[in-house]
Structures are given as C-alpha cells and as structure tokens.
Ligand code: HEM
C-alpha cells in the first residue's frame, strides 16, 4: 500500500492541493455570505430563503466534499514513508492549524443552523472578523509545508 502511495506521490499531492483550493475558496466565501445575510436581509423574506439556499449549497456541494478530499489525500501523503519528519516543528504547526481550520468549518455549519432557526445573534462586523481566521491559518499552513521550519 505504501509503495502504491509513494509511486503516485505527485498525483496525490496534486489532488491534495486542488482539494485545498476548493476548501479554502468555500471557507473564504461562506462568512462573506453571512455578512450580507446579517446586514442586508430581512428575516423570513424571499431573499432570506435565497441566502439560505446559497449557503446550504456552498457548504454541502463544495466545502464538505473538498474538506473530506483534503483530509484523505493529505493523510495519504502522511503515510508515504519518509514524507513527514515528526521530529521537526512544521508537521505539528501544520497539524494544529489544520485542526483549527476544521473547527472553523464546523463553526460555519453551526452558524448556518442559526440562520435557518432565525436565531443568529452575531453582527456583520463579527462575521467580518471571523473571516480573518482562515486567512491566518492558511498563511501558517502554507509556510509550514513549504519553508519546513
Ligand atoms: C487535512 C489534513 C491535511 C493533511 C493530513 C496534510 C498533509 C500534507 C502532507 C503530508 C504534505 C506533503 C508535504 C511534502 O510534500 O513535504 C502536504 C502538502 C501540502 N499541503 Fe497539506 N495536509 C492537510 C491539509 C492542508 C491544508 C488545509 C492546506 C492549506 C490550507 C494544505 C496545504 C498543502 C500544500 C500547499 C502542500 C504542498 C507543499 C509542497 O509541495 O511543498 N494542506 N500536506
């Protein structure tokens, strides 16, 4: 099995990076939708339903599958012998930030349920601030895997 993964290393990494891009695109866009949903949309209106549909589709059709693919291809890379030197710092910073990214993904899912129930309590400004979380994590993750400090 590890031989198969090693032979297909570059293809697995290609699929990993493609999945990462799709996951990040969704994680950047969904909080922006929440900002406009919070600031511009009247509860129970047709636009409210439209935003809920856009948010559901973004989460279910893009963000969820992309995160599963990122994890699967990422773990395939981890299992290639010699790929990750756990005595270095970078695998640990990357792992911590990936867990943070996964938490943020679920946090967005919980907030979507608030919009559905009509119980959203956060302001547009708070969603704008939360929008910076994936940016910060992305910077640390990419520096970790490329600089390998
Ligand atoms: C979900 C769990 C993840 C796992 C288990 C994982 C694991 C890995 C591994 C083992 C590598 C190979 C490192 C190397 O070639 O030396 C890699 C490459 C890479 N990962 Fe991840 N990763 C994950 C998530 C992410 C995320 C969330 C991002 C970006 C936000 C990311 C960005 C990258 C990039 C850009 C590379 C290519 C680095 C290079 O070729 O130099 N990964 N990943």
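With axes computed from alpha carbons, what is the tilt in degrees of helix 9-40 against the longest principal axis of the chain, rounded to the nearest 10 within 0 to 90?
20
Once fully extended, how much extra length lies between residue 128 and residue 52, figured as 0.36 nm per residue of separation less the alpha-carbon to alpha-carbon distance?
25.5 nm
Over region 2-147, what portion of Cα pair distances is larger than 22 Å, expressed as a whole percent?
So the portion of pairs separated by more than 22 Å is 45 percent.
Any chance you could give the angle, 0 to 90 degrees and rounded to 10, that helix 132-147 forms with the longest Cα principal axis of the chain?
Helix 132-147 sits roughly 10 degrees off the main axis of the chain.
Given an 8 Å cut-off on Cα distances and at least 6 residues of separation, report the relative contact order of the chain as a percent.
It rounds to 37 percent for the chain.
Relative to the longest principal axis of the C-alpha atoms of the chain, give the angle of the C-alpha long axis of helix 46-57, reported between 0 and 90° and rounded to the nearest 10°.
10
Every number in this text was worked out from the coordinates using simple rules, so none of it is lab data. In this text, all values refer to a predicted model and were calculated from it rather than measured experimentally.
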